[in-house]
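In what follows, a single structure is set out as structure tokens and then discussed.
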Amino acid sequence: MNPLSDREASPGRTIADALDVKLRAAILSGEIAPGAKLKLEALRERFGVSLSPLREALSRLAAEGLVLAESQRGFRLPEASGERLAEVITLRCQLEPFALAESIRRGDDEWEERLVAVFHRLSKLERAEPRAARARVEDWEKAHREFHEALISACGMPILLQFCGVLNDLSDRYRRLFLARNPLDRNVLGEHQAILDAALARKADRATALLRRHVERTGTNVLRAMQPGVAPRRATAARARNGARRAA
């Protein structure tokens, strides 16, 4: 984390805004380790700012669950918890497919064009050789996030998009910790392609089912690496209910 530049803290963008971006990136990338205490004086000196905007930025991140505010003890990062990740996966499986269905219903040509362009950038990275792909994980993370955001961007529900953004931040943090020790999942490209094709064909039921399966499968891979045998509770219950209906 480098000191803030004049451009980062420019008119129309407060110092707290710029600190939010810097700290968020450091947390999601794993630069700040899970469970680490965030020492205000050290952060103040590193960024060359006063305590007031620093506290404001940390309070924003705490409201999203990326940072924990401890009474009289300052701030720290949450530990990497399998139970917490399972909850994030379950919520993503509920909210993102709904947002995608609304995007398919409301999306126009501009939405389709953005989706295709974002997928093109992502697929180039996912087709790279494993060694090259590993060297460009940060580029892949950015393109991957843009693809998932583009899928639901036409839903017309700002609050829903905000919730999905928070859940993606929480999910991204765990995936980056996972990718620090594991290769990129080679099945992901085909899953992204299938979701894209269904969305462009306006097949909402298929697209949402594929997205739900994709989020659950990839999230559960990370979860199992942390806690073997653990799966998202509500998603597992939903499969059981569906299986019971089919048996009936």
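We did not get these values from a lab; they are worked out from the coordinates using the rules stated. Everything numeric here is computed off the predicted structure, so don't read it as measured data. Quick reminder, even Gly has a Cβ in these numbers, built from the backbone with ideal geometry, and neighbours come from all protein chains shown.
Put a dot 7 Å past the Cα of residue 217, heading toward its Cβ, do the same for residue 180, and the two dots end up 2.7 nm apart. Quick one: Cα centre-to-centre distance for the range 92-108 and the range 208-226, in angstrom? Distance between centres, Cα-based: 17 Å. Within the range 15-76, the percentage of alpha carbon pairs spaced more than 16 angstrom apart rounds to 37%.
Charges only on Cβ, +1 for Lys and Arg, -1 for Asp and Glu: so what's the dipole of the range 82-232 about the Cα centre, in debye to the nearest 20?
On the way: 25 positive and 23 negative charges, 116 e Å.
Using Cβ point charges on Lys, Arg, Asp and Glu, the range 82-232 gives about 560 debye.
When you filter the GluC sites (Glu not before Pro) in the range 46-150 for DSSP loop state and at most 12 other Cβ atoms inside 10 Å of their Cβ, you are left with 79. Within the same chain, aspartates and glutamates fewer than 8 places from residue 142 are excluded, and of the rest, those with a Cα less than 19 Å from its Cα are 20, 31, 96, 113, 126, 129, 169, 172, 185, 191.
Applying 1/(1 + (r/R0)^6) with R0 = 25 Å to the Cβ-Cβ distance of residue 39 and residue 79, what FRET efficiency is obtained, to the nearest 0.05? Walk me through the numbers on the way to the answer.
On the way: r = 18 Å, r/R0 = 0.70.
With R0 = 25 Å, the Cβ-Cβ based efficiency is 0.90.
A cut-off of 5 Å between modelled amide H atoms, ignoring neighbours fewer than 5 places along the same chain, links residue 182 with no other residue. Modelled spin labels at residue 201 and residue 159, positioned 7 Å past Cα toward Cβ, are 3.5 nm from each other. The residue among 36, 62, 19 whose Cα reaches farthest toward the positive pole of the charge dipole of the range 15-76, with charges on the beta-carbon of Lys, Arg, Asp and Glu, is 36.
Listed values for the range 147-153 are Karplus-derived 3J(HN,Hα) couplings in whole Hz (6.51 cos²θ - 1.76 cosθ + 1.60, θ = phi - 60°), namely 5, 5, 5, 5, 3, 9, 5, and x replaces Gly and Pro. Rounded to two decimals, the Cα radius of gyration of the range 82-232 over 2.2 N^0.38 Å is 1.00. Annotation: amide H of residue 38 within the under-5 Å range of 75, 76, 77, sequence separation 5 or more or interchain, hydrogens built in the peptide plane. Working note: Karplus 6.51/-1.76/1.60 with θ = phi - 60° gives the range 112-126 the couplings 4, 4, 5, 4, 5, 5, 5, 5, 4, 5, 5, 5, 4, 6, 6 Hz, where Gly and Pro are set to x.
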